[in-house]
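The values are calculated or read from the model by the stated rules, or taken from the named source; none is laboratory data. Just so we're clear, the structure is a prediction, and the values are computed from it rather than from any experiment. All Cβ positions, even for glycine, are placed from backbone atoms using ideal geometry, and neighbour counts span all protein chains on display. Remember, those area values only see protein heavy atoms, side chains included, never the ligands or the DNA or RNA. Shrake-Rupley method; radii C 1.70, N 1.55, O 1.52, S 1.80 Å.
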Amino acid sequence: MSVHDALRSRWLRTLDAVRNGESAPDPLPDPLPYAENLMSRWAEPQRRYHNTDHLLAVLDHIDTLAPYAADPEAVRLAAWFHDAVYRPDRSENEERSAVLAVRALTEAGVRPDVTDEVARLVRLTVTHDPAPGDTNGEVLCDADLAILASRPEAYEAYTRAVREEYGFVPDDAFRAGRAAVLRQLLDLERLFRTPHGAELWEGRARANLTAELETLTR
């Protein structure tokens, strides 16, 4: 099954799970155009890391972490929208993605409480720092950051892809900006908040981040 087919199947399953209640329109809008619109966004040419492969990986990680979430379907929807608007040269991507989520999910017949939660979760990916007890936020942020715990060759491929996305930034400026991001992550008391992430991903992620930071500042 292609990435496109796998994503479309997941979208249909997730949307079907949350489209019910008195507020849902009758008849419900066709779900496929929403999937196609989102996948076209995730396949935009400026993306080298934040693309459909990343989306599928985040969804796979959410499947692993789903038992920890209060509302796994809301978390899955938030994954679809968390980088739906992505321009490396702009700082308001998360906010614009959250606004897109509210507009699209409301139109698609998703319950208002789920729509609001999805928008909140998308905005949370600005900091990746969920409050204690925010299990939905913990699962989304852990799934999004799981790449940091990759084995060295996969982590190196990730850093190359990120550099390509910021190809318009001169080397010195990129190194300084990337180093600041890495320090912000390393300053977090915990990178991963779920028991699974804390046990299996924390140590390797910190080792990868530390090694990259040393290379950038050498």
The condition of being open to solvent by 10 Å² or more (accessible area, probe 1.4 Å), in contact (Cβ under 8 Å) with a residue 12 or more places away in the chain, under 20 Å from residue 32 (Cα atoms) and assigned to a loop (DSSP other than H, G, I, E, B) holds, among 83, 129, only for 83
What do you reckon, is residue 49 touching a His at 6+ places or on another chain (Cβ under 6 Å) and of a type outside the set (Asp, Glu)?
no
(message) So for segment 198-205 (the condition being among the charged types (D, E, K, R), in contact (Cβ under 8 Å) with a residue 40 or more places away in the chain, open to solvent by less than 90 Å² (accessible area, probe 1.4 Å) and more than 19 Å from residue 126 (Cα to Cα)), does at least one residue qualify?
(response) yes
So, first residue free of Cβ contacts under 8 Å to residues at least 60 places away in the same chain in segment 1-17, second residue open to solvent by 40 Å² or more (accessible area, probe 1.4 Å) and among the polar types (S, T, N, Q), Cβ within less than 8 Å, six or more apart or across chains; the pairs are 1/9
Of those in segment 101-126 that are β-branched (Val, Ile, Thr) and open to solvent by less than 70 Å² (accessible area, probe 1.4 Å), the residue nearest to residue 192 (Cα to Cα) is 125
Flagged pairs (Cβ under 7 angstrom, 6 or more apart or on separate chains; first in segment 157-178, closer than 22 Å to residue 54 by Cα; second polar (S, T, N, Q) and open to solvent by less than 60 Å² (accessible area, probe 1.4 Å)) are 158/150; 165/46
Flagged in segment 153-188 as of a type in the set (Asp, Glu) and either open to solvent by 30 Å² or more (accessible area, probe 1.4 Å) or over 18 Å from the mean Cα position of the chain (by Cα) (or both), in numbering order, are 153, 156, 164, 171, 172, 187
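Can you tell me which residue among 40, 91 is over 23 Å from residue 134 (Cβ atoms) and in a helix (DSSP H, G or I)?
Selected residue: 40, the only one of 40, 91 that is over 23 Å from residue 134 (Cβ atoms) and in a helix (DSSP H, G or I).
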For segment 136-154, pairs from a residue that is assigned to a helix (DSSP H, G or I) to a residue that is hydroxyl-bearing (Ser, Thr, Tyr) and open to solvent by 20 Å² or more (accessible area, probe 1.4 Å), with Cβ under 6 Å and 6 or more apart or across chains, are 139/68; 147/158
Picking from 76, 47, 41, the residue that is surrounded by 13 or more Cβ atoms within 10 Å (Cβ to Cβ) and in contact with a Lys or Arg (Cβ under 8 Å, 6 or more places away or on another chain) would be 76
